[in-house]
Amino acid sequence: MLKKNITNSKVKRKSLGSFFVSLLFLLTFLLVLFNKTDYFVVNKVKSFGIDVITPITHFISSPITIVTNIGLRIRDFQNFKNENLKLKEEIIRLKKWQTLAIKNSRENRVFKRLLNSTSHEVDIIKTVSVIDQSPGMYSKLVTINAGLNYNIEKNLAVINEKGLVGKTIFSSNKKSKVLLINDPTSSIPVKTLSDNSYSILSGTSNGKYLISTFTKDNELPKVGDLLVTSGNAKIFPRDILVAKVIKVSEDRYFALPYVDFNNLNYVQVVKSK
Amino acid sequence: MHSFLRLNSFKIYNILLIIVFSIIVNDNHSFPLIYTAFYCIFHFLIIYLGVYYYRKQLYFIYFLYGLGLDIFWLNEIGPHLIVFMSMLVFFNLSTKYFYNLSSFKIYVVLIIIQLTMISFEVFVSFFLLNFSFNLNYFIQIYLSTLLLSFPIFLFFSKIDKYK
């Protein structure tokens, strides 16, 4: 009798296990399917994953983060002297530019008043810090520490002091994911500062450069031309610095982004005014 | 209660898996080699568990890690989840053949499985989600796998002694 009971419970446990495994496979199939079709369920899963798991993984990996930071400090310390010299030179150069910029800014204000023109400055939604950066094997993403709680939604431009960083592609309650402009799937409408020729850029597979995927009327820019956002996509506000043209071939060109994607600490989420 | 708290090799591997997962989903862009090394260790660890410690609980573990990697790295769901779950079915069907092999042959099989698994992940992400294929990263990961797998294999064989 006891033997029979034990055998029965074993059979029950086995069938329960099989049912559970089948359920997991069904869930896998549904999640992959919903990823393509239904955004609500997938967004809920992603939000939960990012909001709940990130603090735990941060805590667990904190010793490695501390060691990495110490390594970075040591590396910085070794370059201390050279950096100092470079900075001194840069300060002298920037002081000259500052004088010029103040003069231009004054002139600009006066001309605007004379023309009674409106400005197209950007609205800063929030200045946030970058908490994670994806390794770059698949996609170039960063996570920022603000989400729907600060009105950061999908498809908002992200900039820093050097220029365009990317756009938000997903927002949970407390965090958002930003697709960097050097990702091959990104698409940035730009124009040249010199002759206003329009084109669309996306990242190269190694993430170092931007490549043109479309140029209006096949008008290719010259090497050294500066590229700024054209404002055509309605996501990126106009006239944000993007990249500098470094190579022009027959039907496309390569540009070097201004933003250093390996040193992203603070960024601003903005929208057009 | 006592048996639940007592560490055995399976529990040690799971603790290692949590630690390695936490490291690879967090920011390590300052030292990319660290990230690549842990990425390889994570894959080797998950394959090792599947081959030597196959049990139904692993389906849940693979499901969680597959989903986690997809959400954190790709912001899409698919490649890792599909490959991890399929690999576990493969381990279920094939591990009986591994027992007849020598230790060195099993080690070679593990490396081949790892390289195949990473390749599949890249191909699935390319075909399913249009993610680009970066040959440099691919070569870097292949080389790291070949370099790191033997010391990891030795280390794991020490952990196996904790019954």
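Beyond 23 Å in Cα-Cα separation lie the following of the pairs A:Lys167/A:Lys222; A:Lys174/A:Lys234; B:Lys105/B:Lys158: A:Lys167/A:Lys222; A:Lys174/A:Lys234. Separation of the stretch B:91-163 and the stretch A:29-49, taken as the distance between their Cα centroids, equals 28 angstrom.
Residues A:Ser134, B:Ser103, A:Ser186, ranked from the fewest to the most other C-beta atoms within 10 Å, line up as B:Ser103, A:Ser186, A:Ser134.
Take each residue in B:86-92, count the other chain C-beta atoms within 10 Å of its C-beta, and the mean is 1. Sorted fewest first by neighbouring Cβ atoms within 10 angstrom, A:Ser47, A:Ser199 come out as A:Ser47, A:Ser199. Principal-axis analysis of the Cα atoms of chain B puts helix B:57-69 at an angle of about 20° to the longest axis. Derived from the Cα gyration tensor, the three semi-axes of the equivalent ellipsoid of the stretch A:137-237 are 27, 15, 11 Å, largest first. Straight-line reach from A:Lys44: taking Cα to Cα under 15 Å and skipping same-chain neighbours fewer than 8 places apart, the aspartates and glutamates in range are A:Glu153, B:Asp70, B:Glu76.
Pairs from the list A:Lys36/A:Lys216; A:Lys175/A:Lys273; A:Lys175/B:Lys56; A:Lys154/A:Lys191; A:Lys88/A:Lys273 with a Cα-Cα gap above 26 Å: A:Lys36/A:Lys216; A:Lys175/B:Lys56; A:Lys88/A:Lys273. Taking Cα atoms only, the orientation of helix B:103-129 departs from the longest principal axis of chain B by about 30 degrees. Take each residue in B:40-48, count the other chain C-beta atoms within 10 Å of its C-beta, and the mean is 0. Projected over every direction and averaged, the convex hull enclosing the alpha-carbon atoms of the stretch A:188-259 yields 4.4 nm². Taking Cα pairs under 8 Å and at least six residues apart, what relative contact order does chain B come out at, in percent? For chain B, the relative contact order is 30 percent. Using a simple spin-label model with pseudo-atoms 7 Å out from Cα toward Cβ, A:Arg75 and A:Phe59 lie 2.9 nm apart. Panel order for A:Asp38, A:Asp225, A:Asp239, by other beta carbons found within 10 Å of each beta carbon, from fewest to most: A:Asp38, A:Asp239, A:Asp225.
Neighbouring Cβ atoms from other chains, within 10 Å of the Cβ of residues in A:51-63, number 4 on average.
Values in this text are rule-based calculations from the coordinates and carry no lab data. What you see is a predicted model, and the numbers here were worked out from it, not measured in a lab. In this analysis, Cβ positions are derived from the backbone assuming ideal geometry, glycine residues included, and neighbour counts consider all displayed protein chains.
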